[in-house]
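Below: one structure, written as structure tokens.
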Amino acid sequence: MAGDKKMIYKNYDELTIKVIPDYKRLIKLLAKQTQKENQKVLELGIGTGNLAREIINQSYEIEYVGIDSNKDYLTITKNKLRKKISLIKGDIMNIDFGNQYDTVISSLTLHHFNQKKLKTLYAKIKNVLNSTGRFVNLELIKGENIKEIQKLQNDWYNFMTRNGLDENFTKKIIKEDHEISTKNMILKNLRDVGFTDILVLYEQDNLFTFSAGVKK
């Protein structure tokens, strides 16, 4: 999610609710995918820690690692979360993810990458999942054709302006999120790198949530 950085740093949590339809419910949906004892979770693009907080507050023992390239977000996350969490500053395309994980999870981050980088990243994620591990992601998507693209953009614009966001700021968010994939692009990239067990958890308007693993 792009936009004026100064504004985002200061009011990110409030802004996200105004930008992403049904955001709170979707974060809870993502968190439910990690409800197992002794989970080891890696979050890509941890941002200000909303998803991490939802997951960690569940009554399960968990080892949590969060990566983000933005030091301001990491500072907010560190101050927000009371329980121990490992935070790493770095570019998720280049950083070593480390050991095997039960879940690799991400929210509203990966749409910033083009198709080539996205496929590379999916392969990298698959390689750090354990044998029963899952990749869970909430992402912005675009329509499959010009008509669908325009409709989703118009609906998104109307949602944001109804929530009181400035028209120019709203247009800037839509314009800068230009790498957004279609649902079918995402599914193809997942299959191309070897994910075979793909579940659609949520699909509405310009939001798409899935869980992917490898059938044994």
Selection count where residues are modelled with pLDDT of 95 or more, assigned to a loop (DSSP other than H, G, I, E, B) and of a type in the set (D, E, K, R), scope the range 167-216: 0
Subset of the range 70-100 [under 17 Å from the mean Cα position of the chain (by Cα) and surrounded by 11 or more Cβ atoms within 10 Å (Cβ to Cβ)]: Asn70, Tyr73, Leu74, Thr77, Leu87, Ile88, Lys89, Gly90, Ile92, Met93, Phe97
First in the range 179-199 and touching a residue at least 40 places away in the same chain (Cβ under 8 Å) and surrounded by fewer than 13 Cβ atoms within 10 Å (Cβ to Cβ), second anywhere and hydrophobic (A, V, I, L, M, F, W, C) and part of a helix (DSSP H, G or I), Cβ under 9 Å, 6 or more apart: Asp192/Ala123; Gly194/Ala123
Neighbours by Cβ (under 9 Å, 6+ apart or cross-chain): first from the range 119-131, within 11 Å of Ile92 (Cα to Cα) and modelled with pLDDT under 95; second in a strand (DSSP E or B) and not aliphatic (A, V, I, L, M): none
Qualifying positions in the range 110-139 - assigned to a loop (DSSP other than H, G, I, E, B) and either crowded, with 21+ Cβ neighbours inside 10 Å or hydrophobic (A, V, I, L, M, F, W, C) (or both): Phe113
Answer residue from the range 67-103, given it is of a type in the set (S, T, N, Q) and in a loop (DSSP other than H, G, I, E, B) and is farthest from Ile125 (Cα to Cα) among those: Asn70
Any pair with Cβ under 7 angstrom, 6 or more apart, that starts in the range 81-98 at a residue that is over 29 Å from Lys116 (Cα atoms) and ends at one that is of a type in the set (Gly, Ala, Ser) and part of a loop (DSSP other than H, G, I, E, B): Leu81/Gly49
Output for the range 140-162, where each listed residue is surrounded by 14 or more Cβ atoms within 10 Å (Cβ to Cβ) and assigned to a loop (DSSP other than H, G, I, E, B): Gly143
Any pair with Cβ under 6 angstrom, 6 or more apart, that starts in the range 203-215 at a residue that is more than 13 Å from Trp156 (Cβ to Cβ) and surrounded by fewer than 18 Cβ atoms within 10 Å (Cβ to Cβ) and ends at one that is modelled with pLDDT of 95 or more and of a type in the set (Asp, Glu): Lys215/Asp197
The range 112-160, subset hydroxyl-bearing (Ser, Thr, Tyr) and more than 15 Å from the chain's Cα centre (by Cα), residue farthest from Ile67 (Cα to Cα): Tyr157
In the range 40-70, residue modelled with the lowest pLDDT [restricted to those that are in contact with a strand residue (DSSP E or B) (Cβ under 6 Å, 6 or more places away or on another chain) and of a type in the set (D, E, K, R)]: Glu63
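The values are calculated or read from the model by the stated rules, or taken from the named source; none is laboratory data. The structure displayed is predicted, hence computed values, not measured ones. Don't worry about glycine lacking a Cβ; one is built from the backbone with ideal geometry, like all the others, and counts go over all protein chains shown.
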